[in-house]
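Asks: Mind having a look at this structure? Questions to follow.
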Amino acid sequence: MGFFDNLALGLSVAFSWSNLFWCFVGVTLGTFIGVLPGIGALAAVSLLLPVTFHLDPTSALVMLAGVYYGSAYGGSTASILLNLPGTPSSAVACLDGYPMSRQGRAGVALLMSALGSFIGGGIGILLMMLFSPLIVDIALRFGPAEYFTMMVLGLIAASTISTASPIKGIAMVVLGVLLGLVGSDIETGTPRLAFNLPELFDGISLVAIAMGLFGVSEVIASIKVIQSGQIDKKITFRSMIPTRDDVRRFWFPMLRGAGIGSFFGALPGTGGVIASFVAYAVEKKVSSEPERFGRGAIEGLVAPETANNAADQTAFIPTMTLGIPGSVVMALMIGAMMIHGIAPGPQLMTKNPDLFWGLIMSFWIGNVLLLVLNIPLIGVWVRVLLIPYHVLYPAVLMFVCIGVYSINNSSFDVFMVMLFGGVGYVMRLVDLQPAPLLLGFVLGPLMEENLRRAMLISRGEFIVFLQRPISAVFIVITFVLLAWALWNALPRRSRGAAESAR
Amino acid sequence: MYTRDYRDLIGGGLLLLFGLFVGFHALTSYDIGTLRHMGPGMFPAWLGFVLAGIGAVIMVLGLFHPGDRIEPHYRQFIAVILGVMVFAVTVGAFGMIPAVVLLTFAAVLADDKLGVVGAVILAVVLSVLALLIFRVGLRVPLQMFKWPF
């Protein structure tokens, strides 16, 4: 099929009534949740996973994706108006967005950040449309050895690059892989680590783990900590009109932001958060008047906002073409596909072209809807900021419990949520990140399967991973990352000594 | 601040124990197989010991750098976990609405901001919300009320 046939197919899928409806639901919920401080895209997508059991796979992915990129739009609203980032990736928007709002330019800031988000998202989608078929062509030639080493690289990258402590990130990945192995072994059917609980023979439910780690433990840590906002400003259309100077300063930061965001979004382990910080730093560097930054410079708002939305879209490239999630939200998307019996990987584009292109085209629709939702309806979202957390968190728990229970009418799954909520909170107390755990959990079984196949083909020789060129490259990069992680794990004092010795 | 990072000592220790447990459990309970034909036990056994090793490294490193205090929110922890538990225990026998009500009552204990009246109002609102979202919106066949006796 040609490129334009694919587009036509994608459009026809995306414009079906049910997909339009779920796209709308997704982006609306995404904006809503993004605006609420204390609930990020990750918690939102986890919370909504059970809902997708009751939808067809394309609608489910369209909705989850909408929640994800919608929350980036909403997140900046809380940053600009309250100096409280609604989502981590919009933390940078506080730096210049909040000063703008204190100068009475909140309307302009909101408009410009929504426009930047839209254009950044658009550029990300275009890149995805152009590059995905090329990557799929290469990936279709991968054998089990390449798959195994690619997954190892993806996991190591995701757990070392953007985490505070790479060694703990790797520990969490390994723990996640082990939890992913719970249940019947694919080849022999032996139930592993199931402790004679028949409920565990099919493995631990992804939904229960995600909700426990990102829903329940998040709630425990946030009660009494998160303060709800107080706003007395009214945002009118008149206040949104930018000055000629704003418009002049808008274009280049936006394009640079989109470039930076697209690049970091597609890499494993990096994403919207890093992209927005880098974009801000770059703008400050290239600016002729860096002293304006931090005091309401429009460039300092537009560039990171564009970058994080571009990154949110290009993050789908490795996920949809290789089946390798670069971030936890992407791992949840892969989990949602697997729940519906769709195998992620390069064959997705040829086997389920309707899902692949339909999802991409739904991104366009979603981004247009977001623009409409965020500019004229900004007043509604401002009011959402006033919902106090002590009313919100019981609602979150209600949603978690019913959501999990509704999948199989199983109280056992709710108990698993409780267990992982407790485990997640203890992990948080001892400074262990749950995000890499979930990545390992999703990829673990696939890794084992490919490792076993590769070893069978190579007759038990590990050298196969180095003999195949692509796989060898993956291994080399993995070892470089590991060496860097080890270096970072060394105690500060000895590192300082080593540096002064040089 | 402590001179040692007790978070890493505890966290690393837990990972060490869990890793050793999984490693030995896999070695003794499942077929290991050969490198060519890997059995169900090989991959978990390797990873279990790798995890134990990393846990040990985290522990040792924790001895040499300072760390923050561990400050658990006991009350929030107990209230939230209790809420999820009462939901799990009651939903099968009594149906969704009673489970939501009990969940709400347990959950509000985590914070002082809502009084008894507030909790009752919230429980009613959440029950209606649950009904609208799951029964009306998503058409999930969940029983609202049940009487097991």
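The values are calculated or read from the model by the stated rules, or taken from the named source; none is laboratory data. Because the structure is predicted, anything quoted here is derived from the model rather than measured. Because the Cβ atoms are built from the backbone with ideal geometry, glycine has one as well, and the counts that use them run over all protein chains shown. The protein model used for the area step is the full one, side chains on, heavy atoms only, and it has no ligands, DNA or RNA in it. Shrake-Rupley method; radii C 1.70, N 1.55, O 1.52, S 1.80 Å.
Asks: If we scan region A:59-77, do we find a residue that is open to solvent by 30 Å² or more (accessible area, probe 1.4 Å), of a type outside the set (A, V, I, L, M) and in a helix (DSSP H, G or I)?
Replies: No, region A:59-77 contains no residue that is open to solvent by 30 Å² or more (accessible area, probe 1.4 Å), of a type outside the set (A, V, I, L, M) and in a helix (DSSP H, G or I).
Asks: Need the failing condition index for residue A:429 against (1) farther than 26 Å from residue B:5 by Cβ; (2) among the hydrophobic types (A, V, I, L, M, F, W, C); (3) at the interface with another protein chain (Cβ under 8 Å from one of its Cβ atoms); (4) open to solvent by 30 Å² or more (accessible area, probe 1.4 Å), just the number.
Replies: Residue A:429 satisfies every listed condition except (1).
Asks: Right, here's the next one. Go through (1) closer than 18 Å to residue A:334 by Cβ; (2) part of a helix (DSSP H, G or I); (3) touching a Gly at 6+ places or on another chain (Cβ under 6 Å) and name the single condition residue A:203 misses.
Replies: (2)
Asks: Another question about this same structure. Among (1) open to solvent by 10 Å² or more (accessible area, probe 1.4 Å); (2) at pLDDT 90 or above; (3) of a type in the set (Val, Ile, Thr), there is one condition residue A:407 misses while meeting the rest; what is its number?
Replies: Just one mismatch for residue A:407, condition (2).
Asks: Does residue A:84 satisfy the criteria of being touching a helix residue (DSSP H, G or I) at 6+ places or on another chain (Cβ under 9 Å) and part of a helix (DSSP H, G or I)?
Replies: When the stated conditions are applied, residue A:84 does not pass them.
Asks: What pairs come up if the first residue lies in region A:255-269 and is of a type in the set (Ser, Thr, Tyr), the second is buried (at least 24 other Cβ atoms within 10 Å of the Cβ), and their beta carbons are under 8 Å apart, counting only those six or more places apart or on different chains?
Replies: What qualifies is A:262/A:124; A:262/A:310; A:262/A:311; A:262/A:313; A:262/A:314.
Asks: Consider only pairs whose beta carbons are under 9 Å apart and that are at least six residues apart or on different chains; among these, list those whose first residue lies in region A:468-480 and is open to solvent by less than 30 Å² (accessible area, probe 1.4 Å) and whose second residue is of a type in the set (S, T, N, Q).
Replies: Between residues of region A:468-480 that are open to solvent by less than 30 Å² (accessible area, probe 1.4 Å) and residues that are of a type in the set (S, T, N, Q), the close pairs are A:471/A:149; A:472/A:149; A:478/A:149.
Asks: Any idea which residue in region A:174-186 is modelled with the lowest pLDDT, counting only those that are open to solvent by 10 Å² or more (accessible area, probe 1.4 Å) and more than 7 Å from every other protein chain (Cβ to nearest Cβ)?
Replies: Top of the filtered list is A:186.
Asks: When you go through (1) out of contact with any Gly (no Cβ under 8 Å at 6 or more places or on another chain); (2) open to solvent by 20 Å² or more (accessible area, probe 1.4 Å) one by one for residue A:105, which number turns out not to apply?
Replies: Unmet condition: (1).
Asks: Please go through region A:187-200 and give me each residue that is open to solvent by 20 Å² or more (accessible area, probe 1.4 Å), assigned to a loop (DSSP other than H, G, I, E, B) and of a type outside the set (Val, Ile, Thr), ordered by number.
Replies: A:187, A:189, A:195, A:196, A:197
Asks: Name, by its number, the condition in (1) closer than 30 Å to residue A:29 by Cα; (2) open to solvent by less than 30 Å² (accessible area, probe 1.4 Å) that does not hold for residue B:39.
Replies: (1)
This table checks each residue for (1) in contact (Cβ under 8 Å) with a residue 60 or more places away in the chain; (2) out of contact with any helix residue (DSSP H, G or I) (no Cβ under 6 Å at 6 or more places or on another chain); (3) facing chain B (nearest Cβ under 8 Å); (4) open to solvent by 30 Å² or more (accessible area, probe 1.4 Å).
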{"site": "A:393", "(1), (2), (3), (4)": "yes, no, yes, no"}
{"site": "A:438", "(1), (2), (3), (4)": "yes, no, no, no"}
{"site": "A:448", "(1), (2), (3), (4)": "yes, no, yes, no"}
{"site": "A:455", "(1), (2), (3), (4)": "no, yes, yes, no"}
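Asks: Keeping to region A:395-426, report how many residues are more than 25 Å from the chain's Cα centre (by Cα) and more than 7 Å from chain B (Cβ to nearest Cβ).
Replies: Number of matching residues: 4.
Asks: Among the numbered criteria (1) part of a loop (DSSP other than H, G, I, E, B); (2) without any contact (Cβ under 8 Å) to a residue 12 or more places away in the chain, which single criterion is violated by residue A:248?
Replies: Among (1) part of a loop (DSSP other than H, G, I, E, B); (2) without any contact (Cβ under 8 Å) to a residue 12 or more places away in the chain, the lone unmet condition for residue A:248 is (1).
Asks: Here's another thing I want to ask about it. Right, residue B:86: of a type outside the set (S, T, N, Q), crowded, with 16+ Cβ neighbours inside 10 Å, part of a helix (DSSP H, G or I) and more than 7 Å from chain A (Cβ to nearest Cβ) or not?
Replies: So residue B:86 fits the description; yes.
Asks: Among the residues of region A:381-401, count how many are farther than 19 Å from residue B:120 by Cα, in a helix (DSSP H, G or I) and aliphatic (A, V, I, L, M).
Replies: Count: 3.
Asks: Kindly establish whether residue A:240 is at pLDDT below 85, more than 11 Å from every other protein chain (Cβ to nearest Cβ), crowded, with 19+ Cβ neighbours inside 10 Å and under 30 Å from residue A:383 (Cα atoms).
Replies: The answer is yes for residue A:240.
Asks: Name the residue that is nearest to residue A:165 (Cα to Cα), counting only residues in region B:1-36 that are β-branched (Val, Ile, Thr) and open to solvent by 40 Å² or more (accessible area, probe 1.4 Å).
Replies: Start the filter on region B:1-36 by keeping residues that are β-branched (Val, Ile, Thr), which leaves B:3, B:10, B:22, B:28, B:32, B:34.
Imposing the further condition that a residue be open to solvent by 40 Å² or more (accessible area, probe 1.4 Å) reduces the set to B:3, B:10, B:28, B:32, B:34.
On the way: B:3: 18, B:10: 16, B:28: 33, B:32: 33, B:34: 35 Å.
Within region B:1-36, the match that is nearest to residue A:165 (Cα to Cα) is B:10.
Asks: Can you name the number of the only condition in (1) surrounded by 24 or more Cβ atoms within 10 Å (Cβ to Cβ); (2) part of a helix (DSSP H, G or I) that residue A:25 fails?
Replies: (1)
Asks: Could you tell me which residue of region B:1-54 is farthest from residue A:444 (Cα to Cα), considering only residues that are of a type in the set (A, V, I, L, M), facing chain A (nearest Cβ under 7 Å) and in contact (Cβ under 8 Å) with a residue 12 or more places away in the chain? Give the steps one after another, and end with the answer.
Replies: As a first pass, look at region B:1-54 and keep what is of a type in the set (A, V, I, L, M): B:1, B:9-10, B:14-17, B:20, B:22, B:26-27, B:32, B:35, B:38, B:42, B:45, B:47, B:50-52, B:54.
Next, only the ones that are facing chain A (nearest Cβ under 7 Å) stay: B:10, B:15, B:22, B:35, B:38, B:47, B:50-51, B:54.
Add one more test, that the residue is in contact (Cβ under 8 Å) with a residue 12 or more places away in the chain, and what stays is B:10, B:15, B:22, B:47, B:50-51, B:54.
Numbers: B:10: 25, B:15: 18, B:22: 15, B:47: 11, B:50: 15, B:51: 14, B:54: 18 Å.
Applying the filter and picking the extreme gives B:10.
Asks: From the list B:133, B:78, B:58, B:97, pick out the single residue that is part of a helix (DSSP H, G or I), more than 9 Å from chain A (Cβ to nearest Cβ) and more than 19 Å from the chain's Cα centre (by Cα).
Replies: So the residue among B:133, B:78, B:58, B:97 that is part of a helix (DSSP H, G or I), more than 9 Å from chain A (Cβ to nearest Cβ) and more than 19 Å from the chain's Cα centre (by Cα) is B:97.
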